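**Student:** The structure's right below; bear with me while I get my questions together.
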Amino acid sequence: MLEQAKDDLILVTGAGGFIGGHLVADLRRKGFTNIRAVDIKPLEHWYQRFDDVENITADLRLRDACFAAAKDARCIFNLAADMGGMGFIETHKAECMISVLINTHMLMAARAAGTERFFYSSSACVYAGYKQNDPNVTALKEEDAYPADAEDGYGWEKLFSERMCRHFMEDYGLTCRVARFHNVYGPYGTFDGGREKAPAAISRKVAQAKLTGRHEIEIWGDGHQTRSFMYIDDCLEGIYRITDSGIEYPINLGSAELVSINQLVDIVEEIAGVKLKRIYKLDAPQGVRGRNSDNTRIKAELGWEPSTPLREGMEKTYRWIFDELKAGRTDSVFTRDTIPAAAA
Ligand code: NAD
């Protein structure tokens, strides 16, 4: 997969993060020898880091940093964003929207560098809120992003940046490919500190209960809210396939296996071999009531869709988080407060 020459310069932004780290690791495994990895975080806080990769710490909200990062890059995977789970995006709307600087400057830099392919990671948070009020969801189709009523802050920024990709493609001929990720999970990602998403948060809470013997779990909301969750391996496969494709519109990249948060807790309890007393925190941030990915288009376009069973992916995710906690490691050391203000 990925029809670039193995020695073409490939840029991954957000490479110190969850998906970016896995992408760099996988590109290396696929034999790519010329990878540039950029993230705002100091290198010691990257989830995955490799000595044979050009690793750069830079703030990509800044134009010059984007131009330096994109120089000579044949293919760009633009994953950098100030983001997190519902607990973060509902309370940091301005910061989420400032990621528009990253996407604007990266597109300008890609154009100037003559980049052949530009991949942008959008999100299911672009979908209209009024389509997601019922836990018995009808899965979201690509056209359900309009008339727009995106997740305030984070979702609007993603929707705007999607459109910017489209116009850079139409007006400047930059080949852009955009995927709308639906909840990605797996090892080597955020599991504490306030930015973690449900699969990691629940794994952490169950692992903590197991390690401390305190058999309780706090659940945000009433647990009946529904979601689908895509394992990281499927996400990477989808990124390559979409990047190589002729798909010129934002397309869903998500699992269609819908579960409630209560069912997700059941799965993790079963993996861990515990049964916990559930305490529902009804005033906690919980996002839309129900959300699933309609995969009609991706199946028609690519003859493929994410297929890792949730139970299988959660097993690997839970084991990694359990081992991290058991070893006394947390990933909350690098908080948003340590990110310098953009272009202050
Ligand atoms: P992540 O937070 O682990 O990774 C994003 C990385 O971007 C972080 O390491 C962060 O330090 C970096 N970053 C933030 N601001 C930066 C800046 N100014 N300059 C350089 N780097 C900066 O998140 P992730 O889960 O790996 O997400 C990757 C992409 O996928 C993001 O664009 C995100 O919005 C999108 N996405 C993710 C999910 C998901 O479920 N994980 C869902 C939808 C969309």
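**Student:** Going by how many other Cβ atoms sit within 10 Å of their own, how do SER260, SER255 line up, fewest first? All intermediate terms of the calculation are to be shown ahead of the outcome.
**Tutor:** Values: SER260 17, SER255 27.
The order, fewest Cβ neighbours first, is SER260, SER255.
**Student:** Taking square-rooted eigenvalues a ≥ b ≥ c of the alpha carbon gyration tensor, is the chain rounded, prolate or oblate, where a/c under 1.5 means rounded and, failing that, a/b exceeding b/c means prolate?
**Tutor:** It comes out prolate by the Cα gyration axes.
**Student:** Okay, next question. Taking loop as defined by DSSP and a crowding limit of 16 other beta carbons within 10 Å, which GluC sites (Glu not before Pro) in the stretch 97-185 fit?
**Tutor:** GLU116
**Student:** So how do MET86, MET164 line up by other beta-carbon neighbours within 10 Å, fewest first?
**Tutor:** MET164, MET86
**Student:** Something else now. Of the candidates ILE89, ILE217, ILE251, which one comes out as most mobile in a Gaussian network treatment of the chain with C-alpha springs shorter than 10 Å?
**Tutor:** Largest GNM mean-square fluctuation: ILE217.
**Student:** Under a straight-distance cross-link criterion of Cα-Cα below 16 Å, which lysines are reachable from LYS141, leaving out those fewer than 8 residues away in the same chain?
**Tutor:** Partners within reach: LYS131, LYS299.
**Student:** Starting from 0.36 nm per residue, how many nanometres of slack lie between LYS281 and ALA68 once their C-alpha separation is accounted for?
**Tutor:** In short, 72.1 nm is gained.
**Student:** Can I ask one more? Straight-line reach from LYS205: which aspartates and glutamates fall under 18 Å, measuring Cα to Cα and dropping same-chain residues less than 8 apart?
**Tutor:** LYS205 reaches ASP192, GLU196, GLU216, GLU218, ASP222, ASP266, GLU269, GLU270, GLU315, ASP323, GLU324, ASP331.
**Student:** Could you compute the FRET efficiency for ARG214 and TRP304, with r as their C-beta to C-beta distance and R0 at 56 Å, rounded to 0.05?
**Tutor:** About 0.85, to the nearest 0.05.
**Student:** At a Cα cut-off below 30 Å, give the lysines reachable from LYS71, other chains included and same-chain residues fewer than 8 away excluded.
**Tutor:** Here the lysines satisfying the reach criterion relative to LYS71 are LYS6, LYS30, LYS41, LYS158.
**Student:** While we're on this one: Would you mind putting 124-137, 3-16, 279-292 in packing order, based on average other-beta-carbon counts within 10 Å, highest first?
**Tutor:** Averaged packing, sorted descending, gives the order 3-16, 124-137, 279-292.
**Student:** Please say if the stretch 36-80 is rounded, prolate or oblate, where rounded means a/c under 1.5 for a ≥ b ≥ c the square roots of the C-alpha gyration tensor eigenvalues, and otherwise the choice is prolate for a/b larger than b/c and oblate otherwise?
**Tutor:** Working: a/c = 1.95, a/b = 1.30, b/c = 1.50.
Oblate, since a/c reaches 1.5 and b/c is not below a/b.
**Student:** With a ≥ b ≥ c the root eigenvalues of the C-alpha gyration tensor of the stretch 7-113, is it rounded (a/c under 1.5), prolate (a/b larger than b/c) or oblate?
**Tutor:** Oblate shape, in that a/c is at least 1.5 and b/c is the bigger or equal ratio.
**Student:** Assuming R0 = 35 Å, what is the FRET efficiency of ASP52 and ASN133, from their Cβ-Cβ distance, to the nearest 0.05?
**Tutor:** 0.10
**Student:** If you average the C-alpha positions of the stretch 160-207 and of the stretch 25-92 separately, how far apart do those two centres end up, in angstrom?
**Tutor:** Centre-to-centre distance over Cα atoms comes out at 13 Å.
Taken together, the values in this text are just the output of simple stated rules run on the coordinates, not laboratory data. Everything quoted here is computed from the prediction, not taken from an experiment. With ideal geometry, Cβ positions are generated from the backbone for all residues, glycine too; neighbour counts draw on all protein chains shown.
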